[in-house]
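Below is one structure, written out as structure tokens, with a few remarks after it.
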Amino acid sequence: MTELTQVAGLNPNQLLNIEGHLDRRYIQPGKLPGALTLVARHGEIAYVKAQGLMDVERNKPVCRDTVFRIYSMTKPITSIAMMQLYEQGRFLLDDPVHKYIPSWKGLRVYKSGVYPDFLTTPATSSMTIRDLFTHMSGLTYGFMNRTNVDAAYRKLRLDGSRNLTLESLINQLGELPLEFSPGTAWNYSVSTDVLGYLVELLSGQPFDEYLQEHIFAPLGMVDTGFHVRDDQLERFAACYQYQAGDHFKLQDDPETSPFRRQGKFLSGGGGLVSTIDDYFRFAQALCQGGEFLGQRIIGRKTLEFMRSNHLPGNQDLPGLSVGAFSETPYAGSGFGLGFSVKTDVAKSQANGSVGEYGWGGLASTNFFIDPVEELVVIFMTQLIPSSSYPIRQELRAIVNGALV
């Protein structure tokens, strides 16, 4: 059933094109198992539609309360948590990271060799906390499959494993070379996991407890956390892997998923599960300047600061990126403190507004906020990798076409 509500400034008939498009293009041909889409404007939910299956093997349909792995949509939540501490004067953005992680003083940059026999040179600049927010730290991800440094990340399983902890991640990163001197390039990375560690360090609270007390509980996000509780299992989606020829195969079964365990590694970069209504509460708080239903999680000016383009010289990502992977198309997008930020609509080749911000996750989930139109769009599915299909840009075209 489609939940459609008349909201000022949105054409409901145009919004209905979302379900037709997803059904014809992706779900019926077997490209996606299922999907859940939410569109809101002026704080009112205008459209919600669940389609297809959340668990193909068990023939379970997607429901509005389905629990999804949101992967890198965790990053904006971690970034808000860290900026709450900024508002308390706990750190400054230009503080060197080694002020808080002394073992990171004197980090070096890769020159040649393979792990563990690297040749390195001294970094020409100190990594700052802002470099972590903006992915200009010189860190990387193992799954990039691009360099000998990310090969070392894979060997050490620094993207996440059963034995990894935030503390062991920090210790091992401090022993590896950077891809480049901090502040000189952009590369998607474990930087936000480091921010999660700093939230623990600066707050004196375990990361999961901090998020629960300062973000999830105030916003009423009852289904968001680092593992799937027993009472959520029936609603937990399966995750699928793209296969050549526009098919998919099971990647993570809900019954045996690592997300069922309370793991030791609380990944601020990609560790959360959530529902569409939980994430809407978070996104709507951002759309409303940091407050939702009387609960403020961040100051209005702080949020304005976060959604500014923090790349040097107001550049966009193509001018600074050394890697090919991102959760957003590069052209016409800069990067703020935890989100991509649209800087040039025409250059982006996707309809929208300057200042639109958001992010996506590895399993093709996505959200964006258009502060000009007071618009929030959230898309949930479970297909790895997120680059499999251009659904995010297609959704932008359909939703922006509904604005009147």
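Points to keep in mind about this one:
- The residue among Ala123, Leu201, Ser168 whose Cα reaches farthest toward the positive pole of the charge dipole of the chain, with charges on the beta-carbon of Lys, Arg, Asp and Glu, is Ala123.
- Cα gyration tensor shape for the range 167-326, rounded if a/c is under 1.5, else prolate or oblate: rounded
- Centre separation in Å (Cα based) which lies between the range 77-98 and the range 315-371: 22 Å
- Taking every C-alpha pair closer than 8 Å and separated by at least 6 residues, the mean separation divided by the residue count of the range 160-275 gives a relative contact order of 36 percent.
- Positive-end ranking of Pro385, Phe265, Asn400 along the dipole of the range 262-404, with charges on Cβ about the Cα centre, is headed by Phe265.
- Formal net charge of residues neighbouring Ser257 (Cβ-Cβ distance under 15 Å; K, R +1; D, E -1): +1
- Residue pairs, from the table Lys49/Lys301; Lys105/Lys342; Lys49/Lys264; Lys75/Lys342; Lys31/Lys155; Lys75/Lys99, whose Cα atoms sit over 28 Å apart: Lys49/Lys301; Lys105/Lys342; Lys49/Lys264; Lys31/Lys155
- 15 Å beta-carbon shell around Arg64, net charge (K/R +1, D/E -1): -3
- Global form of the range 147-248, assessed from the alpha-carbon gyration tensor, a/c cut-off 1.5: oblate
- Label-to-label distance, nm, for residues given as Ser387 and Glu374 (7 Å Cα→Cβ offset): 3.8 nm
- Computed about its Cα centre, the charge dipole of the range 284-340 is approximately 220 debye, with only Lys, Arg, Asp and Glu carrying charge at their Cβ.
- Inter-part distance where the range 234-305 and the range 20-55 are each reduced to a Cα centre, Å: 17 Å
- Gyration tensor verdict on the range 289-404 (Cα atoms; rounded if a/c is under 1.5, prolate if a/b is larger than b/c, oblate otherwise): rounded
- Gain in span if fully extended, Gln262 to Ala217, counting 0.36 nm per residue against the direct Cα distance: 14.3 nm
- Annotation: extensible slack from Ser161 through Arg64 equals 31.9 nm (criterion: 0.36 nm per residue apart, minus Cα-Cα distance).
- Per-residue ellipticity at 222 nm from helix content only, as computed over the chain with -39500 (n - 2.57) for each DSSP H run of at least four residues, stands at -6500 deg cm²/dmol.
- Local net charge near Pro122, Cβ-Cβ under 15 Å (Lys/Arg +1, Asp/Glu -1): +2
- Extended-chain gain in nm, criterion 0.36 nm per residue less alpha-carbon gap, Glu3 and Arg154: 50.0 nm
- Trp359 accessible area, 1.4 Å probe, all protein chains in place, Å² to nearest 10: 0 Å²
- Ligands, DNA and RNA are left out, and with a 1.4 angstrom probe the accessible area of the range 1-116 is 43 Å² per residue.
- As a calculated quantity, the FRET efficiency between Leu16 and Glu234 at R0 = 35 Å, using C-beta atoms, amounts to about 0.75.
- Taking Gly174, Gly338, Gly183 as the candidate residues, the one with maximal mean-square fluctuation in a Gaussian network model of the chain, Cα springs under 10 Å, is Gly174.
- Percent accessible area from carbon and sulfur atoms, the chain, protein chains only, probe 1.4 Å: 48 percent
The values are calculated or read from the model by the stated rules, or taken from the named source; none is laboratory data. What you see is a predicted model; the values in this text were computed from it and never measured. We place every Cβ from the backbone using ideal geometry, glycine too, and count neighbours over all the protein chains shown. All accessible areas refer to the heavy atoms of the entire protein, side chains included, with ligands and DNA or RNA removed. Shrake-Rupley method; radii C 1.70, N 1.55, O 1.52, S 1.80 Å.
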